[in-house]
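Structure first, commentary second.
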Amino acid sequence: MAIVKPVDSYRHQGLRKLLVQNIRQKGIADQQVLNALETVPRHFFFDSSFLEYAYEDKPFPIGAGQTISQPFTVAFQTELLLIKKNDKVLEIGTGSGYQACILAELGAKVFSIERQKTLFDRTSKFLPVVGYPTIKTFFGDGYKGLPTYAPFDKMIVTAAAPYIPEALLEQLKPGGILVIPVGGNDVQTMTTIIKNADNSFTKKEYGAFRFVPMLEDKAKEV
């Protein structure tokens, strides 16, 4: 059955404006990031039975043990990336595709990896339908990155990583930024890694967040 693009009504647009006002009040200052959140219809990424939850500033289950991230968290991670037009960005954890669309809206060239086959199949078909045909999606292990397409200007991990994968550091350009929540299954610390010109790294931490775990071996998928 063909995938049909959902409707973006005036009501949805109004709810998005209110959501963006809420996120601004919580401390997100980058106007381009806020504009992207106001542009991308978050309800497109929800089952029609749950549309009333789309514009709450909360995460929501999307199947396969994964969630669509809280809008504030999406904005926070995106702001840390300092996206410039035509930045080549690697996303670990495609999920619903919402974060990838925010990055694309900012002008990034997005490469996104998903290890859950059901989510990959659904999202890779859905993104072109809702207006984002340039996002390149891959089924694979995010811990390994995408060496064939490296190096990347920016990287974003949208799941809890118990450690910072060496492969991602290797695939980051000098001057590039990796945004990753690091820690155990309960609470993670949002972390940025900047790769310096001499291939050393500068690490900064930005407080506690909660993500679902970053899974390593796609062969273990149930």
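Computed from the coordinates by the stated procedures, all read-outs in this text should not be read as laboratory data. Small disclaimer: the values here were computed from a predicted structure and weren't measured. Please note: Cβ atoms are built from the backbone with ideal geometry, for glycine as well, and neighbour counts cover all protein chains shown.
May I ask for the Kirkwood hydrodynamic radius of region 132-214, worked out over all distinct Cα pairs and given in angstroms to one decimal?
Numbers: mean 1/r = 0.0751 Å⁻¹.
The answer is 13.3 Å.
Per the helix-only calculation at 222 nm, which mean residue ellipticity applies to the chain, given -39500 (n - 2.57) for every DSSP H run of n ≥ 4 and division by its residues, nearest 500 deg cm²/dmol?
Values: 6 runs with 62 residues, N = 222.
So the helix-based figure for the chain works out to -8500 deg cm²/dmol.
Working from Cα positions, state the angle (0 to 90°, nearest 10) between the long axis of helix 117-129 and the longest principal axis of the chain.
60 degrees
Return the percentage of antiparallel bridges among DSSP beta bridges fully within region 98-204, rounded to the nearest 5 %. The partial results should precede the final answer.
Numbers: 11 of 20 bridges.
The answer is about 55 percent antiparallel.
Enter the mean projected area of the convex hull around the alpha-carbon atoms of the chain, in nm², rounded to one decimal.
Values: hull surface 47.5 nm².
Averaged projected area of the chain's Cα convex hull equals 11.9 nm².
Note the angle between two axes, namely the Cα long axis of helix 10-25 and the longest principal axis of the Cα atoms of the chain, as a number of degrees from 0 to 90, rounded to the nearest 10.
40 degrees
What share of the DSSP beta bridges in the chain is antiparallel, in percent to the nearest 5? Could you put the intermediate results ahead of the total?
Working: 17 of 36 bridges.
Approximately 45 percent, going by the DSSP bridge assignments.
FRET efficiency for K84 and Y163, Cβ-Cβ distance as r, R0 = 25 Å, nearest 0.05? The partial results should precede the final answer.
Working: r = 28 Å, r/R0 = 1.13.
Given R0 = 25 Å and the Cβ-Cβ separation, E is 0.30.
Kindly provide the trypsin sites (Lys or Arg not before Pro) of region 22-81 that DSSP labels as loop, not H, G, I, E or B, and whose Cβ sees at most 12 other Cβ atoms within 10 Å. Provide the component values of the computation, followed by the final result.
Working: sites: R24, K26, R42; in loops: K26.
Those satisfying the criteria are K26.
Ranked by Cβ crowding within 10 angstrom, fewest neighbours first, how are S96, S48 ordered?
Working: S96 24, S48 7.
Fewest-to-most Cβ neighbours within 10 Å comes out as S48, S96.
Pairs K109/K136; K85/K144; K85/K109; K154/K204; K17/K58; K109/K154: which are spaced more than 18 Å apart, C-alpha to C-alpha?
Details: K109/K136 8 Å; K85/K144 26 Å; K85/K109 8 Å; K154/K204 15 Å; K17/K58 16 Å; K109/K154 10 Å.
The answer is K85/K144.
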